[in-house]
1. Scan region A:42-55 and give yes if some residue there is closer than 21 Å to B:Arg40 by Cα, buried (at least 21 other Cβ atoms within 10 Å of the Cβ) and of a type in the set (A, V, I, L, M, F, W, C), otherwise no.
2. Sort out which residues of region B:42-78 are surrounded by fewer than 16 Cβ atoms within 10 Å (Cβ to Cβ), free of Cβ contacts under 8 Å to residues at least 60 places away in the same chain and at the interface with chain A (Cβ under 9 Å from one of its Cβ atoms), and write them in order of number.
3. On the given criteria, is A:Ser104 among the small types (Gly, Ala, Ser), closer than 17 Å to A:Ala4 by Cβ, at pLDDT 95 or above and not in a strand (DSSP E or B)?
4. If A:Arg10 satisfies every condition in (1) under 26 Å from B:Leu47 (Cβ atoms); (2) in contact (Cβ under 8 Å) with a residue 12 or more places away in the chain but one, which is the exception?
5. For region A:42-81, how many residues meet the condition of being part of a helix (DSSP H, G or I) and either more than 7 Å from chain B (Cβ to nearest Cβ) or more than 15 Å from the chain's Cα centre (by Cα) (or both)?
6. Hey, could you check region B:12-25 for residues that are away from every other protein chain (no Cβ under 13 Å) and free of Cβ contacts under 8 Å to residues at least 40 places away in the same chain and say which is surrounded by the fewest Cβ atoms within 10 Å (Cβ to Cβ)?
7. Quick check on region A:132-149: of everything there that is assigned to a loop (DSSP other than H, G, I, E, B) and modelled with pLDDT of 95 or more, which residue is surrounded by the most Cβ atoms within 10 Å (Cβ to Cβ)?
Amino acid sequence: MCKALLISHRLLDAVLAEAKRCGSNFRECVTYLTASLEAPRVVDGYLHPQHHASSVMTEVSAEELGNVWDDLLATRRTIVCQVHTHPGAAFHSDTDDRYPVVHSVGFLSLVIPDFGYRGVRDVHLAVYLGEGRWEAATPRENYLVISDD
Amino acid sequence: MNDRFEVIFEYNGQPFSIEVEGNQQIEGAWHRALAHFEIRPQDAENLGLFKDGNQIDRNQSFKDAGIQPGERLRIQPIVQRTGGSRV
């Protein structure tokens, strides 16, 4: 049985387009990929929380996270992967390590380079090991499969 | 008088019911909920327990916190951050 997260190319393109629009090539952006509780390995959409942002950071407040939790409970969905852009190379920074939206072991975090303007090339996917530790999720297809719609 | 009742911890869209006693410290049930959601205790530093949008002190009993049977309590991050610079 495949345990990798499945996302369609079309949906991932929509997330990237949102990140590019939000960041306008000078700010980071963060979104959360979601899945239904019944099919938690199939990404069915994304949430774009209100966030403060600069060229090197984003921050989502407790109040906004409360709104996100409201949305998840109302729609019986769960966050399965955090996605955010970086100004340059994609990697998991110390801040990314310490302040994810979900702290469950096995949670995924996708970092997109160059504010999303290079598409999904050279992205960095990390998996949470707990206690602040992450490792590169390789090979990527074991964790995230991008399907042709 | 039976002082046992159920409360529901919610995390990332998922509910988890726990039977507690009114005089029980919230902290013990908090740790059970963390384990259920596969969250290590060391990761709780950036998490809070919220009731009606307000963070509550876990070092008190359910009764002292005014938590009623069937009440929903949220485990959520206090903040979520990303940062693209290398430190």
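The values are calculated or read from the model by the stated rules, or taken from the named source; none is laboratory data. All values derive from a computational prediction rather than experimental measurement. In this analysis, Cβ positions are derived from the backbone assuming ideal geometry, glycine residues included, and neighbour counts consider all displayed protein chains.
1. Among the residues of region A:42-55, not one is closer than 21 Å to B:Arg40 by Cα, buried (at least 21 other Cβ atoms within 10 Å of the Cβ) and of a type in the set (A, V, I, L, M, F, W, C), which makes the answer no.
2. B:Gln42, B:Glu45, B:Gly53, B:Gln55, B:Ile78
3. Yes.
4. (1)
5. Total satisfying the criteria: 13.
6. Among them, the one singled out is B:Glu19.
7. Residue satisfying both the conditions and the ranking: A:Ala137.
The rows are residues; the columns are (1) charged (D, E, K, R); (2) touching a strand residue (DSSP E or B) at 6+ places or on another chain (Cβ under 8 Å); (3) outside any helix (DSSP H, G or I); (4) more than 27 Å from A:Arg133 (Cα to Cα).
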{"residue": "B:Glu27", "(1), (2), (3), (4)": "yes, no, no, no"}
{"residue": "B:His31", "(1), (2), (3), (4)": "no, no, no, no"}
{"residue": "B:Ile39", "(1), (2), (3), (4)": "no, yes, yes, no"}
{"residue": "B:Gln42", "(1), (2), (3), (4)": "no, yes, no, no"}
{"residue": "B:Phe50", "(1), (2), (3), (4)": "no, yes, yes, no"}
{"residue": "B:Asn59", "(1), (2), (3), (4)": "no, yes, yes, yes"}
{"residue": "B:Asp64", "(1), (2), (3), (4)": "yes, no, yes, yes"}
{"residue": "B:Ile67", "(1), (2), (3), (4)": "no, yes, yes, yes"}
